[in-house]
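Here the structure is laid out as structure tokens; the discussion comes afterwards.
Please treat every number below as a calculation from the coordinates, not as lab data. Quick caveat: nothing in here was measured; it's all calculated off a predicted structure. FYI the Cβ positions are ideal-geometry reconstructions off the backbone, even for glycines, and counts take in every protein chain you see.
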There are 4 protein chains.
Amino acid sequence: MIKFETDYQEGASPEILERLVKTNFEQTSGYGEDSHCQRAKELIRKEINRPNAAVYFMAGGTQTNTTVIKHFLTPCEGVIAVNSGHINVHESGAIEATGHKVIALNAHDGLLDAEDLRLYLEAFYADPTHEHMVLPGMVYISYSSELGTLYKKSMLQEIKSVCSDYGLKLFIDGARLGAGLMSDSSDMTMQDIAGLCDAFYIGGTKTGALFGEAVIFPEPEKANLKQFTTLIKQQGGLLAKGRLLGIQFEVLFEDGLYFRNAKHADIQAMKIKKAFSEAGIKFLIDSPTNQQFPILTREQHEKLSSKFSYETWQPLNDGNIAVRFCTSWATTDYNIDELTRAIKELK
Amino acid sequence: MIKFETDYQEGASPEILERLVKTNFEQTSGYGEDSHCQRAKELIRKEINRPNAAVYFMAGGTQTNTTVIKHFLTPCEGVIAVNSGHINVHESGAIEATGHKVIALNAHDGLLDAEDLRLYLEAFYADPTHEHMVLPGMVYISYSSELGTLYKKSMLQEIKSVCSDYGLKLFIDGARLGAGLMSDSSDMTMQDIAGLCDAFYIGGTKTGALFGEAVIFPEPEKANLKQFTTLIKQQGGLLAKGRLLGIQFEVLFEDGLYFRNAKHADIQAMKIKKAFSEAGIKFLIDSPTNQQFPILTREQHEKLSSKFSYETWQPLNDGNIAVRFCTSWATTDYNIDELTRAIKELK
Amino acid sequence: MIKFETDYQEGASPEILERLVKTNFEQTSGYGEDSHCQRAKELIRKEINRPNAAVYFMAGGTQTNTTVIKHFLTPCEGVIAVNSGHINVHESGAIEATGHKVIALNAHDGLLDAEDLRLYLEAFYADPTHEHMVLPGMVYISYSSELGTLYKKSMLQEIKSVCSDYGLKLFIDGARLGAGLMSDSSDMTMQDIAGLCDAFYIGGTKTGALFGEAVIFPEPEKANLKQFTTLIKQQGGLLAKGRLLGIQFEVLFEDGLYFRNAKHADIQAMKIKKAFSEAGIKFLIDSPTNQQFPILTREQHEKLSSKFSYETWQPLNDGNIAVRFCTSWATTDYNIDELTRAIKELK
Amino acid sequence: MIKFETDYQEGASPEILERLVKTNFEQTSGYGEDSHCQRAKELIRKEINRPNAAVYFMAGGTQTNTTVIKHFLTPCEGVIAVNSGHINVHESGAIEATGHKVIALNAHDGLLDAEDLRLYLEAFYADPTHEHMVLPGMVYISYSSELGTLYKKSMLQEIKSVCSDYGLKLFIDGARLGAGLMSDSSDMTMQDIAGLCDAFYIGGTKTGALFGEAVIFPEPEKANLKQFTTLIKQQGGLLAKGRLLGIQFEVLFEDGLYFRNAKHADIQAMKIKKAFSEAGIKFLIDSPTNQQFPILTREQHEKLSSKFSYETWQPLNDGNIAVRFCTSWATTDYNIDELTRAIKELK
């Protein structure tokens, strides 16, 4: 069985494992107070060209989302997300467990529309009973989105502008930031991302690290971060052997490995996309990144799933089924070739 | 200015105030451990013909909703409600503050559709990733609904049936239970309500009490209530002078005052409904209870609002505005006459 | 059975009930947006000579404590209290349910010692691991205390001074503020209290109201209160018929009824204290307010409890038992006489 | 600078890194649904001789503690721990953030006394107001304790017996379980531990893993675990690349590496203990495990800290200072020799 289930089904870039072996017997202080973390932070600050940015490493995505959201919101505030947003669907209620509502707006191919956001906020403040409602405190979006789609820079600028008008913080979930930025469809750099939000994170897990995410506050002086490390600890995101995160992000950012890993995933995904398209198979959504959502007949699904594993995404009303193929930094040409050959035979 | 803003804009039924005066110097234990509370509980048990029902008095509606919901749910579970449900809109995030997601389904004129509920649950358990999602633990509905509408008995039976199939608790918010049951459109009694849910509450605040709600668990042996009083205290619902709640519910239930109060509100509302209808004015929704939602032109609104106060409910796309008129146990014939006269002049 | 169990075992001052009857059919907006609340706030502002103070009315003490504490703390902060403090013992975990630790310091006769507080804070910030600990964010004290004792003004000034040094908010629980201020042992006025804290509340429940507490922020410009009403709602403290709170506090503060009620309780308590003292009975604590804690032998307890009910407070190691007698605005001379006679017979 | 700061200052046992390298390109499903996790669970079940035990892998200790505690408690319950317990001191309020109070009892050299526990529970239920207090729901202890000390088997049996009498769950934090069991002073095996609690965890982080803890429920049929995976996700403990945990615990438990690692740490600690003792230096506490707490004069501290880093634990009243030296699976003989030589020179 060849797996295209997720972008976290293999280990880590070999360079990372090599570095872990090489540094294994160094003695370092715990909790990120070590020189590897310091250097990794410097590399990230350099990448986004913001020497004063605050960078924190956290053990996983759920902790990252809950910590940043809990940090930014008052007890009466909620976080706005699209209904397909990760925090609204697949965090097992972790956001609500911190006491905050996820205010879900309709997604457009996985994306938040700036105009929808503005209309929601206008209506909210026009409602004379809004003091009895959950107050909007921040906006959460994902780049790339949970459906593999991307915001154009102009779309993000508009969202940022609405956020500014209403005093909302903007947080970008970058679990798949690399796959987004490296897509041929992207018109943004990581530096652009940093310039358009109050916080974002660079996902390591899905771009070749064993695990770990880097949270960046581009303008820390506006983010009141004095207690942020304590909050990371409280939310379970503080790794005892913090240097493991520093070492990984050092390797990922010292010579562009992070971006090469992401680019590889995108390239392999485009081959899959092409193969399905040439086989006349349509997609649930037109994704330019490492997640592809072809729509299969039950027969096609039966054939493909005998040799390949992938996620069943959504049964459709016409009896067909939308599925998800994921590629990663580790997806081999061999596996791609096997898959494209099998797709051809579906015709 | 004559007010039709809410059903809690006057004090309490005079019989209640009289009884408070009469009992004022009795000495009783606190927190509901007094003979008035005991008697009031007995009266309610008799009303629903369930001698073993557990009855608790609480200080207000928000505490009642959070306490019952927190009681029934595990940390991983959420509560299903329609998007127009009170707990999804107007509790200032009190449910989420207890750590639980409100899972919002589309409302049909303020009501939950049993078929929608079943489809949601089928899809949920068919989703291979549902272990990473908020687990549905209970259903919350309101009788009458936030839009004044009513479930037919058969609708409630279907909802209860779906709940049973999926192991969900069913909780009925009865802030306006009286207005619902006394409506000519209702095909249910309080006894029926008790037979179709795991818990419901009888709203005192909106039916002639100063304040206070009575929560009923018709089958306490299934509700694991050992720590429920402690939970009421934790959620801020335990009144020190608990007898105040007992005394009020005694007066409301010893000779039917609760139902007379509710019926009066409904009758006065029907007069308003008739007046708007005869003036050719349409409604946002066809409500058979004490909340009426006529759609006014801006001109009509300007005229009416010079003499009457009522809630602006929702601006409509055509420039008109849906508003809400509320009646209560205290709405006088004089005020109704003044209003109907003014409505006639709108034509 | 004559009850001395609590100071909330009777109804309300007759003047309050009269006013409720008189205003019963007034129509007012809900949630405290009425003229009675406005006037009551003015009366309180005048009483403390702070025309700009922010005043909020809440339905009960638990909600008041959780709301103020949740308001002042960040997610990483806890509230310091003495181990005998109400929030550490008798709130059923309501504070922790909002996500915050109660940091308990040793009580001295129910009181917090400023020096203890300073030593705790010094040690806390000297501890190199304090970033992994609950950060102290505020101090909670009670006036009068849960044991009936009182801070001298100088003690409060010292506590305030430590709070200022460490950036902590100071919150005074005034459930029994009246009994404290009216005690012959008190060297403070309500105006003094307002000048020595960031927030305090005036307890209505235990001083002649049916229920209700008034929270005061003497310097609202330092308290960031923009979302406070929403938080009150979220915590279950916002009364629908808010005017009931306004009316009660109007009556209590328009001609000094609040203070007369409290004084009466203190005077009756002093008679009890004298009776026990003259009978050679010792006290667990020397309380100058409306709670008295005599230590009875089992035999004395048996005799007294046949005719009077009071709270058993604490079994002592020598087999004796400390009990609590409470007086209130409603304690009659007759009941006091009966009790003092019975105490004499204990000898 | 030679570090004895913590037992997590180095990487991982080389065998673990080798296995990570070897398995790096295997494709596995995420979230622990892989064959490595399955095998590791089997190895642990075999170690404790309980074929039906439920085993879960989690990313870190904070998540493990919050998840197990949140799982076992109802909303009204708290967890009993000694005041020096990790959850009471160093979790940044993570337990309270889940809504639960840590009920702190006095520690005796870091340990909970069964008699203290029983007296607390007797007094609790004898208190007529206990329904307004946080209900005790479980007991948390650590083996070895935060001060390196160990429960005798008989002590644990007594604690378990009290727990059974009062219906409390017993949870053992095993962050340093290995160092405890391998100590010459221990009279228990991991199998004994499993037989004396409702849940415990085997700490990987401090015994040679990169990170990760294994939670074991010896009798899963009594632990209601249906939603436990969802709760792990909600609390941020579910690792995407779950196989990393499985692989590490496979290596640790397939031929006793876990125990060898722990034994090594204990042996090295005993050398340090001996050196300090021979130098006439006393200890804050008599620890038989990998944490040693010598009491240094300021002068001694100054000398030692110029070459070695260790934790300052507690300033003492006499001006001396208690410090902590930690050893681990990785502590070299060279470093121990350097330290013992330096200690000798302190005399």
Helix-only [θ]222 nm of chain B, DSSP H runs n ≥ 4, -39500 (n - 2.57) each, per residue, nearest 500: -12000 deg cm²/dmol
Karplus-derived HN-Hα couplings along the range B:113-123 (A = 6.51, B = -1.76, C = 1.60, θ = phi - 60°), whole Hz, x at Gly and Pro: 9, 4, 5, 4, 4, 5, 5, 4, 5, 4, 5
Protection-proxy order for peptides C:137-150, C:247-260, D:328-341, C:326-339, each taking the mean of Cβ atoms within 10 Å per residue, highest first: C:137-150, C:247-260, C:326-339, D:328-341
Size of chain C as Cα extents on the principal axes (Å, biggest first): 61, 58, 33
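I need the calculated FRET efficiency for the pair residue D:286 and residue C:185, taking r as the beta carbon distance and R₀ as 56 Å, to the nearest 0.05.
0.70
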Contour minus Cα-Cα distance for residue D:129 and residue D:164 (0.36 nm per residue): 10.3 nm
Packing rank of C:269-277, B:211-219, where each peptide gets the mean count of other beta carbons within 10 Å, highest leading: B:211-219, C:269-277
Considering only the range A:1-152, percent of DSSP beta bridges that pair antiparallel, nearest 5: 10 percent
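Translational D (Stokes-Einstein, µm²/s) of the protein assembly as shown at 37 °C and 0.692 mPa s when Rh comes from the Kirkwood sum over C-alpha pairs? Intermediate values should be presented prior to the final figure.
Working: Rh = 33.7 Å.
This corresponds to a translational diffusion coefficient of 97 µm²/s.
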Karplus (6.51, -1.76, 1.60) ³J(HN,Hα), θ = phi - 60°, over the range D:73-83, in Hz, Gly and Pro reported as x: 8, 7, x, 8, 9, x, 10, 7, 8, 6, 5
Partner chain coverage, peptide A:240-250 - average Cβ within 10 angstrom: 3
Residues whose placed amide H lies under 5 Å from that of residue A:241, excluding near-sequence neighbours: A:31
Local net charge near residue B:3, Cβ-Cβ under 14 Å (Lys/Arg +1, Asp/Glu -1): -4
Residue A:122-residue B:119 FRET efficiency (beta carbon distance; Förster radius 22 Å; 0.05 resolution): 0.10
Vicinal HN-Hα couplings computed from phi for the range D:154-164 (Karplus, 6.51 cos²θ - 1.76 cosθ + 1.60; Hz; Gly/Pro x): 5, 5, 5, 4, 5, 4, 4, 5, 4, 4, 4
Length added when fully stretched, residue D:109-residue D:318, from 0.36 nm per residue minus Cα-Cα: 73.3 nm
Eligible lysines near residue C:282 by straight Cα distance, threshold 18 Å, same-chain separation 8 or greater: C:271, C:273, C:274, C:303, C:344, C:347
For residues of C:99-106, the mean tally of beta carbons on other chains within 10 Å: 4
Long-range HN-HN contacts of residue C:133 with modeled amide H, under 5 Å: D:92
Cut-off under 5 Å, modelled amide H: who pairs with residue A:283 long-range: A:295
Average beta-carbon neighbours from other chains, 10 Å sphere, peptide C:200-213: 2
Sorted by Cβ density within 10 Å, fewest first, the residues D:66, B:62: D:66, B:62
Out-of-range pairs (alpha-carbon distance over 22 Å; input A:101/D:169; A:160/A:222; C:70/C:152; B:41/B:226; A:22/D:307): A:101/D:169; C:70/C:152; A:22/D:307
